[in-house]
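Since the structure comes first, as structure tokens, the remarks are kept for the end.
The values are calculated or read from the model by the stated rules, or taken from the named source; none is laboratory data. Given the structure is predicted, the values throughout are model-derived calculations rather than measurements. Heads up, the Cβs are rebuilt from the backbone with ideal geometry, glycines too, and the neighbour counts pull from every protein chain shown.
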């Protein structure tokens, strides 16, 4: 029953968040600020993880597909598909859930326990929309950009691994990367990323907004935000895969 109560409270909060903004200009300014805070500051960790994971996927695929009936360029093909379809949109989103989700929950939770949210409501401001909506929109704009960068760097990391370790010739790896490439795979990855971005920002905002108590409860809210965001990313990953690929 507690789960259904949380879902009901979440949906009620989302109705408040998605109301028409009272001052669109202020919201636009906040969205730009949040794009920098939530997206650009995550570029470093996304880049590092993508390059090394691309290299690892390439090496592992090469060593586990050493079969005379498999063409050698299949390593590049498998690396590309793994990175585009699953690693970049899903794994990177899980990483962002930990980094960005905890930040959103702790920021809003701190405002709640220090009564800053109460002050906004006294002034007649829709505090839920003012605090959470810009974060949702900013995440849904900037996260797909991070995923595109992650895809490029992941494939580049695989190319570097192929070049530096000689697990397969560069020409074969490049051919596998280009073999039967479908633009829909990238569209699928972007669609998943947009959904995941909404889940991360809205769930984290929900737990931060409903924080009660003091500094200890802010930490608990941050932990819950990361855990629930990760769980729902996994659930919606299955749902979207079934809807978009099958």
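Structure above, values below:
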item	result
Residue check for residue 150: in a helix (DSSP H, G or I) and without any contact (Cβ under 8 Å) to a residue 40 or more places away in the chain	no
Residue within segment 20-40 that is assigned to a loop (DSSP other than H, G, I, E, B), touching a residue at least 24 places away in the same chain (Cβ under 8 Å) and over 24 Å from the mean Cα position of the chain (by Cα) present	yes
Flag if residue 218 is within 25 Å of the chain's Cα centre (by Cα) and more than 24 Å from residue 126 (Cβ to Cβ)	no
Number of the exception - residue 72 against (1) in contact with a helix residue (DSSP H, G or I) (Cβ under 7 Å, 6 or more places away or on another chain); (2) over 20 Å from residue 199 (Cβ atoms); (3) in a helix (DSSP H, G or I); (4) in contact (Cβ under 8 Å) with a residue 40 or more places away in the chain	(3)
Test: residue in segment 108-127 that is under 30 Å from residue 84 (Cα atoms) and not in a loop (DSSP other than H, G, I, E, B)	no
Members of segment 23-41 that are in contact with a helix residue (DSSP H, G or I) (Cβ under 6 Å, 6 or more places away or on another chain) and at pLDDT 85 or above	30, 31, 34, 35
Unique match (being assigned to a helix (DSSP H, G or I), within 21 Å of residue 12 (Cα to Cα), modelled with pLDDT of 95 or more and touching a helix residue (DSSP H, G or I) at 6+ places or on another chain (Cβ under 6 Å)) among 196, 228, 207	196
